[in-house]
Amino acid sequence: MSTLETESRHGYEHGYRYVPFITLSELKPRVWITLSGCNFRCKGCFSLAREPIGEPMSVEQLINLVKKSSSDYYGDTPLEEAVITGGEPTLDRDYLVDLVSQLKEFIEWIVVDTNGYFLDDGYLKELIEAGLTEAMFDLKAWDEKLHEWYTGYSNKRILEHIRNAYGKVKLVVNTVYIPGIVDESEIEQIARFLAGIDRRGDIDYRINRFNTNLSYEKISRNPYPAEIEHAYSIVAKYMKNAVMGKSCVRERKIEEKRGWITVFPDGTLKRRTLDDYRKENERMKMKNATVDGEIKSMKKEKLIKAMRSSD
Ligand code: SF4
C-alpha cells in the first residue's frame, strides 16, 4: 500500500485533516476540534469520527473556523481552552504541532485527547514546545491480549508513553468500564500502574461508562451505577484523583444539563444535545449492515448531511 493510501485510510493527506465539525461549549469558552480518522478499531468506539468523515482542512482553514465561530458565539470573551480530539489527533505529526502552536497564540490551555500509540518522547516534546498543556490518554485495557482484541494493537508502547509523559505536562488517563470485559480487575491494575508513576498524586484518572447506544459493536451491556461506584472505590485505594464521568464532560460536576454548538466546516452552527448524538449514531448504524466496511463505503457528504438534518 502506498504512503498516500495509508494516509487517506487513516484520515489525512499530508497538510490536511478531515474535519466533520468543531464544537463549542455552552458552559465555558472552550472548543473541541475533531480530527477524524483513527489507526485503532476499538470494538466499543463511541466516535462517529473513527472514520475519515468531514472536509479536508489545512491548519490555517481550521484556525480561521475556530476564530470566526468562537467570536460569533462568545463575542469578545476569549476562548480559554481547546481540546484536540478525534478520531485520533496524532496521526499527522507536522499538522498537530502546527495546530497546537497556532492555537497557543490565542488560547492558554491546549489539550490533546489521544489513544497514545504515536505519542512518544520526541513527539510529546515537540508538542510541549508548541504550547501543549495537557495530554489526555485513553487507556483501553491493561491486559495486552485484551487490548489487542479490543483495538487491534498492543498496549506496550502506550503504557510507556504514559510513563514518559508524567511530570512533563498535565496528565489525564481515561478508561471505559465495559462489564465483563474491562471491569474491576482491569481498572485495579491500571490504577496500580498509574499510582506507581504518580509520585505527587497529580494524575487524573477518569472511569467512563460503556454505552451500548453509542458503541460500534454490541460487545456488552451498560454498567450498573453500583459497578461504577465499586470500581471508583477500588481506584480510590490507590489514587487521589479518581474521576467518574463521561469523556465529553470536562467538569466534575455539571449544575445544568446543556448541549453543545456544532460548527461545520462551512461555518454553519447547530445546537446539539447528547440525544442528537445518539440518534446520529443509530442512524449511521442503520444505514450500514456491518460494522467496518460499510462505513468506509458511505459517502462523507451523506454522513455530514445526516448529522445536519438530525433534530
Ligand atoms: S475509541 Fe478512540 S482510539 Fe478507539 S477507534 Fe474510536 S476514535 Fe479510535
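Overview of values
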| read-out | value |
| --- | --- |
| Members of region 42-87 that are out of contact with any Leu (no Cβ under 9 Å at 6 or more places or on another chain) and either under 18 Å from N174 (Cβ atoms) or polar (S, T, N, Q) (or both) | C42, K43, R50, S58, Q61, N64, S71, T77, E81, V83 |
| Identity of the residue in region 119-146, within 11 Å of the ligand (Cβ to nearest atom) and not in a strand (DSSP E or B), that ends up farthest from V169 (Cα to Cα) | K140 |
| Residue ID - farthest from N115 (Cα to Cα), chosen from residues in region 47-59 that are in contact with a strand residue (DSSP E or B) (Cβ under 8 Å, 6 or more places away or on another chain) and part of a loop (DSSP other than H, G, I, E, B) | S58 |
| Identity of the residue in region 193-227, of a type in the set (G, A, S) and within 15 Å of the ligand (Cβ to nearest atom), that ends up nearest to G180 (Cα to Cα) | S220 |
| In region 158-187, the residues that are in a helix (DSSP H, G or I) and in contact with a Leu (Cβ under 9 Å, 6 or more places away or on another chain) | I158, L159, H161, I162, N164, A165, E186 |
| Residue pairs meeting the criteria (Cβ under 6 Å; at least 6 apart or on separate chains; first closer than 23 Å to L139 by Cβ, in region 89-113; second modelled with pLDDT under 95) | L91/H10; L91/Y12; D92/Y12 |
| Enumeration of residues in region 23-64 that are β-branched (V, I, T), at pLDDT 95 or above and within 16 Å of the ligand (Cβ to nearest atom) | T23, I33, T34 |
| Scan of region 185-222 for residues that are farther than 21 Å from I162 by Cα and touching a helix residue (DSSP H, G or I) at 6+ places or on another chain (Cβ under 8 Å), ordered by number | R209, N213, L214, Y216 |
| Residue within region 96-103 that is surrounded by fewer than 17 Cβ atoms within 10 Å (Cβ to Cβ) and away from the ligand (no atom under 16 Å from the Cβ) present | no |
| Residue match in region 61-74 (condition: in a strand (DSSP E or B) and buried (at least 23 other Cβ atoms within 10 Å of the Cβ)) | no |
| Region 188-228, subset touching a strand residue (DSSP E or B) at 6+ places or on another chain (Cβ under 8 Å) and part of a helix (DSSP H, G or I), residue farthest from K168 (Cα to Cα) | E227 |
| Unmet requirement for E13, which otherwise passes all of (1) within 16 Å of the ligand (Cβ to nearest atom); (2) at pLDDT below 95; (3) surrounded by fewer than 21 Cβ atoms within 10 Å (Cβ to Cβ) | (1) |
| Region 33-56 residues that are over 16 Å from R9 (Cβ atoms), paired with ones that are near the ligand (Cβ under 7 Å from one of its atoms) (beta carbon under 6 Å, 6 or more apart) | T34/A49; C42/T151 |
| Residue under evaluation V176, criteria (1) within 16 Å of the ligand (Cβ to nearest atom); (2) more than 16 Å from the chain's Cα centre (by Cα), criterion not met | (2) |
| Residue tally, condition β-branched (V, I, T) and either surrounded by 20 or more Cβ atoms within 10 Å (Cβ to Cβ) or touching a residue at least 40 places away in the same chain (Cβ under 8 Å) (or both), over region 114-147 | 2 |
| Lone qualifier among R163, R93 - being away from the ligand (no atom under 16 Å from the Cβ) and under 24 Å from S58 (Cβ atoms) | R93 |
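The values are calculated or read from the model by the stated rules, or taken from the named source; none is laboratory data. All figures in this text were calculated on a predicted structure; none of them were measured in a lab. FYI the Cβ positions are ideal-geometry reconstructions off the backbone, even for glycines, and counts take in every protein chain you see.
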